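Each remark here refers to the structure printed beneath this line.
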Amino acid sequence: VQLQASGGGLVQPGGSLRLSCAASGRAFSSYTVAWFRQAPGKERGFVAAMKSYNSNPFHEDSVKGRFTMSRDNAKNTVSLQMDDLKPEDTAVYFCAAGRPITSMLRASSGYLYWGQGTQVTVSS
């Protein structure tokens, strides 16, 4: 599976961005997909994930109510709608795919395939 993330950019606080991740390869629908982010000097952290068989995404607490993850298995795409962005959301955002066990869903080590990352900068 190859992943290509896009949609990052510069936005003012309170603004919105929509990230997309296009996947190539077969059996994409069988993978759990996730978004992670990494700010300068910090470790890569979990943002959101969706299992292959469950249409309900789950989000990291700091983005709940602001970010919404979705996936379209027919189009092999994953999206992250980000609203009410804050300066602390500034980071490189990565999409990932894998088959982590439930306890590893929020761990980057649980994912085998990664996109190249897209920069999101929230600043006035």
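The values are calculated or read from the model by the stated rules, or taken from the named source; none is laboratory data. Just so we're clear, the structure is a prediction, and the values are computed from it rather than from any experiment. Methodologically, a virtual Cβ is constructed for each residue, glycine included, from the backbone with ideal geometry; neighbour enumeration extends over all protein chains shown. Quick note on the areas: whole protein, heavy atoms, side chains included, nothing else; ligands and nucleic acids left out. Shrake-Rupley method; radii C 1.70, N 1.55, O 1.52, S 1.80 Å.
Before we move on, is Ala91 among the aliphatic types (A, V, I, L, M), touching a strand residue (DSSP E or B) at 6+ places or on another chain (Cβ under 7 Å) and either under 17 Å from Val1 (Cβ atoms) or free of Cβ contacts under 8 Å to residues at least 40 places away in the same chain (or both)? Taking the combined requirement at face value, the residue does not satisfy it.
The single condition from (1) at pLDDT below 95; (2) within 15 Å of the chain's Cα centre (by Cα); (3) farther than 19 Å from Gln116 by Cβ that Tyr53 fails is (2). I'm checking my understanding of the structure. Among residues of the stretch 84-107 that are farther than 22 Å from Ser124 by Cα and charged (D, E, K, R), which one is modelled with the lowest pLDDT? Top of the filtered list is Arg99. Residue count for the stretch 63-83, restricted to those that are loosely packed, with under 13 Cβ neighbours inside 10 Å and either under 17 Å from Gln119 (Cα atoms) or at pLDDT 95 or above (or both): 2.
If we keep just the residues of the stretch 95-109 that are in contact (Cβ under 8 Å) with a residue 60 or more places away in the chain and either touching a helix residue (DSSP H, G or I) at 6+ places or on another chain (Cβ under 8 Å) or open to solvent by less than 20 Å² (accessible area, probe 1.4 Å) (or both), which is nearest to Ala49 (Cα to Cα)? Give the steps one after another, and end with the answer.
Step one: filter the stretch 95-109 for residues in contact (Cβ under 8 Å) with a residue 60 or more places away in the chain, giving 95-100, 105-108.
This time we only want the ones that are either touching a helix residue (DSSP H, G or I) at 6+ places or on another chain (Cβ under 8 Å) or open to solvent by less than 20 Å² (accessible area, probe 1.4 Å) (or both), so: 95-100, 105.
Working: Cys95: 9, Ala96: 9, Ala97: 9, Gly98: 11, Arg99: 11, Pro100: 11, Leu105: 7 Å.
Here the answer is Leu105.
Of the residues making up the stretch 24-55, those that are buried (at least 18 other Cβ atoms within 10 Å of the Cβ) and either of a type in the set (A, V, I, L, M, F, W, C) or free of Cβ contacts under 8 Å to residues at least 12 places away in the same chain (or both) are Phe28, Val33, Ala34, Trp35, Phe36, Phe46, Val47, Ala48, Ala49, Met50.
In the stretch 17-42, how many residues are under 15 Å from the mean Cα position of the chain (by Cα) and either farther than 15 Å from Val120 by Cα or not hydrophobic (A, V, I, L, M, F, W, C) (or both)?
Here is the first cut: in the stretch 17-42, the ones under 15 Å from the mean Cα position of the chain (by Cα) are 17-23, 31-39.
Going one step further and asking which of them are either farther than 15 Å from Val120 by Cα or not hydrophobic (A, V, I, L, M, F, W, C) (or both), we end up with 18, 20, 22-23, 31-34, 37-38.
Here the count works out to 10.
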